[in-house]
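Asker: Dropping the structure in here first, questions after.
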């Protein structure tokens, strides 16, 4: 409960000012760049060329490899993909596609060509992390939140310098009971520091959502359970009720935003799904009744298998045991979700300076029992639909983003090749 009524969010701070501050925290140069509209299509925004990269206006042709279309499963040998101004202009078998004379050619003979991958749950707080994610094949991503709006700055960085960052859907700051130092992320959050019980009242929950939206967040991130990655916390302990989650979802929907929710326990998962979240994150102990509800509502499941597998390798005995216990349970949940028709999206939950390849999540989806093509779809067409980018991302077809990865092997035979792309193309720039 609030000690006193919270004042309305301040109108004194401009969105550009917040982006400038976030850029400084993220270690980027975004603050010095001209302001870019948040509604601008990143596939057509102007970009600068990095040393050794291809300028998008000149065009890029990927030639000679085997092209996989995740949407249809179609495989085209000796394929040609033509990219100009960051967008695919043509793709098909060699001989059926006209190759512009002035375009740079990227030879792909003996390699497979796939669309750039999507990491649907990642925490990018620095320019270095963003750059690493791209070079590991994640050309698009959805933030799982940051502490000081760094993800919004990363999103802006990607819009004017796509070779430096994935196309990013930003979540802003976490809607969580204890904001900690995040109350300093924005002056309009500081009144929450005086709340005895933390961010729990309807008014306080709405405040965090409203500040996030005002500062440019694309989605809202919240939680229903405690964290698995902290040994002192119990991931099955519930921190928000169904009513509180509903308040968050309602506040987000009023502003046209979806909600992703950190969840572990079956009751927590069920409360989150029935409250109307867009996607369930982690969800190790999600049960049949909740999966049925997710299927009915079209709720996505982003299991972040990579993060749970990482716990099992921890030097902390509590975390290691937690990872060993949770991973097989989560794999069974993933297979059950797939078999029941719940849409799946791949996400690594990378954070803290360690950026794991999104291909590893695809590999674990395959290990959970998904067919190879369906596992690939969780990081392409499936994740693209979750992000609302199904007409832009996830395929190399006319009108789609000029994002691609080149692989040294057949991903339908061994999805592990996705963990080590030999070349990445971002918005028509060969990295």
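The values are calculated or read from the model by the stated rules, or taken from the named source; none is laboratory data. It should be emphasised that the depicted structure is a prediction, and the values quoted were computed from it without experimental measurement. For neighbour counting, all protein chains shown are included, and Cβ atoms are generated from backbone atoms with ideal geometry for every residue, glycine included.
Asker: Run down 370, 335 and say which single residue is more than 18 Å from the chain's Cα centre (by Cα), assigned by TED's automatic domain parsing to the domain that holds residue 128 and in a loop (DSSP other than H, G, I, E, B).
Answerer: Every option except 370 fails the conditions.
Asker: Let me ask something additional. Does the stretch 405-424 contain any residue that is within 16 Å of the chain's Cα centre (by Cα), assigned to a loop (DSSP other than H, G, I, E, B), touching a residue at least 24 places away in the same chain (Cβ under 8 Å) and under 17 Å from residue 166 (Cα atoms)?
Answerer: Going residue by residue through the stretch 405-424, those that are within 16 Å of the chain's Cα centre (by Cα) are none.
Taking every residue of the stretch 405-424 in turn, none turns out to be within 16 Å of the chain's Cα centre (by Cα), assigned to a loop (DSSP other than H, G, I, E, B), touching a residue at least 24 places away in the same chain (Cβ under 8 Å) and under 17 Å from residue 166 (Cα atoms).
Asker: Hey, another quick one. Mind telling me which of the residues 323, 310 ends up being out of contact with any strand residue (DSSP E or B) (no Cβ under 7 Å at 6 or more places or on another chain), within 26 Å of residue 170 (Cβ to Cβ) and in a helix (DSSP H, G or I)?
Answerer: Working: 323 fails: within 26 Å of residue 170 (Cβ to Cβ).
Of 323, 310, the one residue that is out of contact with any strand residue (DSSP E or B) (no Cβ under 7 Å at 6 or more places or on another chain), within 26 Å of residue 170 (Cβ to Cβ) and in a helix (DSSP H, G or I) is 310.
Asker: Checking residue 379 against (1) surrounded by 24 or more Cβ atoms within 10 Å (Cβ to Cβ); (2) farther than 25 Å from residue 340 by Cα; (3) assigned by TED's automatic domain parsing to the domain that holds residue 131, which test does it fail?
Answerer: Answer for residue 379: the failing condition is (2).
Asker: Is it the case that residue 100 is farther than 15 Å from residue 404 by Cβ, in contact (Cβ under 8 Å) with a residue 40 or more places away in the chain and out of contact with any helix residue (DSSP H, G or I) (no Cβ under 7 Å at 6 or more places or on another chain)?
Answerer: yes
Asker: In the stretch 86-114, what residues are crowded, with 18+ Cβ neighbours inside 10 Å, out of contact with any strand residue (DSSP E or B) (no Cβ under 6 Å at 6 or more places or on another chain) and either over 15 Å from residue 431 (Cα atoms) or assigned by TED's automatic domain parsing to the domain that holds residue 162 (or both)?
Answerer: 87, 88
Asker: Listed residues 253, 200, 227; which is without any contact (Cβ under 8 Å) to a residue 24 or more places away in the chain and either on the phi > 0 side of the Ramachandran plot or surrounded by fewer than 22 Cβ atoms within 10 Å (Cβ to Cβ) (or both)? Step through it out loud before you land on a result.
Answerer: Working: 200 fails: without any contact (Cβ under 8 Å) to a residue 24 or more places away in the chain; 227 fails: without any contact (Cβ under 8 Å) to a residue 24 or more places away in the chain.
Among 253, 200, 227, only 253 is without any contact (Cβ under 8 Å) to a residue 24 or more places away in the chain and either on the phi > 0 side of the Ramachandran plot or surrounded by fewer than 22 Cβ atoms within 10 Å (Cβ to Cβ) (or both).
Asker: Just one of the numbered conditions (1) touching a residue at least 60 places away in the same chain (Cβ under 8 Å); (2) more than 22 Å from residue 165 (Cα to Cα); (3) in a loop (DSSP other than H, G, I, E, B) is not true of residue 342; which one?
Answerer: With respect to (1) touching a residue at least 60 places away in the same chain (Cβ under 8 Å); (2) more than 22 Å from residue 165 (Cα to Cα); (3) in a loop (DSSP other than H, G, I, E, B), residue 342 is out only on (1).
Asker: Considering only the stretch 363-380, I want to know if a residue exists there that is touching a strand residue (DSSP E or B) at 6+ places or on another chain (Cβ under 6 Å) and without any contact (Cβ under 8 Å) to a residue 40 or more places away in the chain. Show your work before the answer.
Answerer: Filtering the stretch 363-380 down to residues touching a strand residue (DSSP E or B) at 6+ places or on another chain (Cβ under 6 Å) leaves 378-380.
Cutting the leftovers down to without any contact (Cβ under 8 Å) to a residue 40 or more places away in the chain gives us 378.
There is at least one residue in the stretch 363-380 that is touching a strand residue (DSSP E or B) at 6+ places or on another chain (Cβ under 6 Å) and without any contact (Cβ under 8 Å) to a residue 40 or more places away in the chain.
Asker: If we keep just the residues of the stretch 272-287 that are surrounded by fewer than 24 Cβ atoms within 10 Å (Cβ to Cβ) and more than 18 Å from residue 298 (Cβ to Cβ), which is farthest from the chain's Cα centre (by Cα)? Before you say what the answer is, go through the steps one by one.
Answerer: Here is the first cut: in the stretch 272-287, the residues surrounded by fewer than 24 Cβ atoms within 10 Å (Cβ to Cβ) are 274-276, 278, 285, 287.
Next, only the ones that are more than 18 Å from residue 298 (Cβ to Cβ) stay: 285, 287.
Working: 285: 22, 287: 24 Å.
For the stretch 272-287, the residue satisfying everything is 287.
Asker: Going by what's in this entry, would residue 360 be described as part of a helix (DSSP H, G or I), assigned by TED's automatic domain parsing to the domain that holds residue 150 and in contact (Cβ under 8 Å) with a residue 12 or more places away in the chain? Quick ask: steps written out before the conclusion?
Answerer: Numbers: part of a helix (DSSP H, G or I): yes; assigned by TED's automatic domain parsing to the domain that holds residue 150: yes; in contact (Cβ under 8 Å) with a residue 12 or more places away in the chain: yes.
When the stated conditions are applied, residue 360 passes them.
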